[in-house]
Ligand code: G3P
């Protein structure tokens with residue numbers, strides 16, 4: 001399972017790109033607007049930080065298929081590298097996805113809440129579908145179950161589309177998606193920290209440090 005960071009914040013992207021096995025960045029209009037920056041400066045800077053080989057998913061803000069395609073082409077030309085345009089599921093979005101497939105531009109169909117939406121997005125040629133796990137859980141919709149069902153239906157029909165689960169609020173949701181065979185998750189920077197944190201780990205490390213220091217003081221192995 002690949003990990004992406006879901007943000008437009010440059011400091012968070014820099015940090016997670018340095019310290020975690022990051023496969024790329026996802027943004028959406030809300031996350032971009034939150035940064036209060038010039039759009040192109042922000043997107044280009046994200047690409048500079050992650051380099052050309054990591055995935056960058058940027059959402060179109062257009063509402064017609066033709067304009068979505070035009071916007072996708074412009075973003076791809078401008079940022080280059082491994083790029084996917086995010087398009088919300090809908091009639092215009094599906095039409096745009098089929099047009100973009102012809103042009104060789106990858107689509108992440110977003111705002112997915114049911115396996116039925118995911119299946120039709122995959123049939124239209126989307127490379128990824130993005131179900132919103134926590135937003136489903138918030139309405140007692142069982143986000144993990146939806147991810148599980150999408151993974152199964154893609155396998156059942158041999159579809160060349162991956163599940164990029166989004167909208168997470170805790171480690172349990174991420175772990176259960178991993179067990180369900182989810183291909184990719186996109187999570188906020190604080191969740192990267194939560195994934196690796198455990199009080200027993202802290203206690204173990206403190207014990208190692210105390211015992212070493214009692215015998216060797218401040219010397220490290222490199223000092224011998
Ligand atoms: O791109 C979709 C994702 O960012 C939604 O997450 O936390 O707003 O539900 P959230």
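Nothing in this text is a laboratory measurement; each read-out follows from the coordinates by a stated rule. This structure is a prediction, so every number in the text was calculated from the model and none was measured.
Could you work out how far helix 143-156 tilts from the main Cα principal axis of the chain, as a 0 to 90 degree angle to the nearest 10? Helix 143-156 and the main axis of the chain meet at about 60 degrees. In the chain, the longest principal axis of the Cα atoms and the axis of helix 39-50 are about 50 degrees apart. How many angstrom lie between the C-alpha centres of segment 103-144 and segment 50-96? Comparing the Cα centres of segment 103-144 and segment 50-96, I get a distance of 16 Å.
Find the Rg to Rh ratio for segment 5-118, where Rh is the Kirkwood radius over alpha-carbon pairs and Rg uses the same atoms. Walk me through the intermediate numbers first.
Values: Rg = 13.9 Å, Rh = 14.4 Å.
Radius of gyration relative to Kirkwood radius: 0.96.
Using a cutoff of 8 angstrom between alpha carbon atoms and counting only pairs six or more residues apart, the relative contact order for segment 27-138 works out to 20 percent. Between the alpha-carbon centres of segment 10-40 and segment 148-224 there is a gap of 19 Å. Across the alpha-carbon atoms of the chain, the computed radius of gyration and Dmax are 20.1, 70 angstrom.
Do you know the relative contact order of segment 1-89, to the nearest whole percent, from alpha carbon pairs under 8 angstrom that are 6+ apart? Working shown, then result.
Numbers: 113 pairs, mean separation 24.7, N = 89.
Reported relative contact order: 28 percent.
Taking the C-alpha atoms only, the angle from helix 199-216 to the longest principal axis of the chain is near 30 degrees.
Each Cα pair under 8 Å and six or more residues apart adds its separation to the average, and for the chain the resulting relative contact order is 17 percent.
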